[in-house]
Amino acid sequence: MVYTHIDMRIEHGGSMQDDSVIIAEAHCDGPCGVYDPASARIAGEAVQSMTKKMLDLSCPDTSDSAGMAAYLNTMSRYAAIKEEEAQKCKDELLILWTDFFKPQHLEAHPNLHDTFWQAAKLCSACKVEVSAVHAQELMDAIEAIHNLFWAVKERDVPWIRAS
Amino acid sequence: MVISKVLVIISGDSMWPTLSAGDEVEFTEWDTPDDTELRVGDLVVAIHPLKPGVQVVKRISGFSADGRLVLVGDNPDPLASEDSHNFGPVAHKLIIAYRR
């Protein structure tokens with residue numbers, strides 16, 4: 001079969017450029033390219049930061065009412081933020097896992113499901129515990145997902161932390 | 001009747017695993033209303049009913065009660081395809097080409 005005027009084909013855009021060649025869209029429900037693991041990374045960094053702050057906070061003499069009030073208030077705020085950011089991190093990871101990644105990505109990345117499952121579990125662990133080890137493991141998991149995500153997108157995006 | 005072939009270049013993965021992005025596939029031009037009867041299972045290139053400048057490639061999964069075509073992607077992921085789940089059944093006049 002000979003197709004005429006194939007040299008007139010247009011770039012990605014979905015228009016018919018001549019009588020012989022058609023660019024046909026086979027795209028997804030949402031607009032492609034709106035996903036970014038940076039949202040999970042920022043939330044994960046907040047979890048790790050709050051975890052460190054909680055572990056570093058010194059408890060005053062329990063007979064010092066004003067000191068104890070300030071201590072409990074500060075500790076409570078750190079815990080609340082850690083809880084909130086860990087949930088936000090999990091939400092962002094689940095969006096990437098269930099919405100961005102598609103069955104065809106499993107061919108090149110067979111560990112994809114386990115990577116996300118373990119990362120989501122670490123979000124839960126960081127909520128329940130005050131663990132510097134698990135907070136670091138969560139960041140390591142998010143970095144692995146960052147690398148996986150940009151590999152799928154075929155872009156070289158370095159892993160950079162805000163803190 | 002002259003049967004004209006067209007080369008279709010695939011953009012996107014909604015037809016995976018049948019078709020992948022970058023695939024170049026031969027389709028047969030289709031012209032309503034006297035052309036070959038389209039069947040369930042045929043691949044078709046259609047004008048997007050909500051985006052007139054865009055052609056989509058999908059598979060016919062059935063026909064609506066009023067005879068229009070129900071087009072779906074092959075990708076099993078529910079978010080992987082913009083098709084009749086989103087834009088509804090498609091009139092025959094929007095079909096450009098088919099592949100059986």
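We did not get these values from a lab; they are worked out from the coordinates using the rules stated. Note that the structure is a prediction, hence the values are computed from the model and not measured. Here the Cβ positions follow ideal geometry from the backbone for every residue, glycine too, while neighbour counts run over all protein chains shown.
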For A:Gln118 and A:Ser65, what is the calculated FRET efficiency with R₀ set at 41 Å and r taken between the beta-carbons, to the nearest 0.05? 0.40
Å³ per residue of the Cα convex hull, for the range B:36-88? 89 Å³
Separation between Cα centres of the range B:1-77 and the range A:68-105, rounded to whole Å: 43 Å
Can you pull the semi-axes for the protein assembly as shown, root of five times each eigenvalue of the Cα gyration tensor, sorted largest first, whole Å? 54, 18, 14
Would you mind giving the mean number of other chain beta-carbons within 10 Å of the Cβ of each residue in B:46-53, as a whole number? 1
Whichever lysines have a C-alpha closer than 28 Å to that of A:Lys82, once near sequence neighbours (fewer than 8 apart) are set aside: A:Lys52, A:Lys53, A:Lys90, A:Lys121, A:Lys127
Which value, in Å³ per residue, describes the convex hull spanned by the Cα atoms of chain B? 97 Å³
When the helices in chain A are scored as -39500 (n - 2.57) per DSSP H run of 4 or longer and the sum is shared across all residues, what 222 nm value do you end up with, to the nearest 500 deg cm²/dmol? -19000 deg cm²/dmol
Relative contact order (percent, whole number), chain A, Cα cutoff 8 Å, 6+ residue spacing: 26 percent
Taking the Cα of A:Arg155, stepping 7 Å toward and past its beta carbon, and measuring to each backbone N in the range A:43-75: which are under 12 Å? none
Using 1/(1 + (r/R0)^6) with R0 = 51 angstrom and r between the beta carbons of B:Asn86 and A:Ser131, what's the FRET efficiency to the nearest 0.05? 0.70
What is the fewest-to-most order of A:Val152, B:Val6 by other Cβ atoms lying within 10 Å of their Cβ? A:Val152, B:Val6
Pop a pseudo-label 7 angstrom from the Cα along the beta-carbon direction at both A:Ala80 and A:Ala162 and give the gap in nm to one decimal. 2.0 nm
Fewest Cβ neighbours within 10 Å first, please rank B:Trp16, A:Trp159, A:Trp97 accordingly. A:Trp159, A:Trp97, B:Trp16
With a cut-off of at most 16 other beta carbons within 10 Å, and DSSP calling the residue loop, which GluC sites (Glu not before Pro) in the range B:20-65 qualify? Please list them. B:Glu37
How many nm is it between the label spots at B:Thr36 and B:Phe63, if each spot is 7 Å from the Cα in line with the beta carbon? 1.7 nm
Sorted from fewest to most neighbouring beta carbons within 10 Å, what does the list B:Val72, A:Val133 look like? A:Val133, B:Val72
Under the definition of Cα pairs under 8 Å and six or more residues apart, what whole-number percent is the relative contact order of chain B? 31 percent
Looking at chain B as a GNM with Cα springs under 10 Å, which of B:Pro49, B:Pro89, B:Pro76 has the largest mean-square fluctuation? B:Pro76
Taking trypsin sites (Lys or Arg not before Pro) as exposed when DSSP calls them loop (any state but H, G, I, E, B) and at most 12 other Cβ atoms lie within 10 Å, what is the longest stretch of chain A free of them, the sites themselves excluded? A:1-154
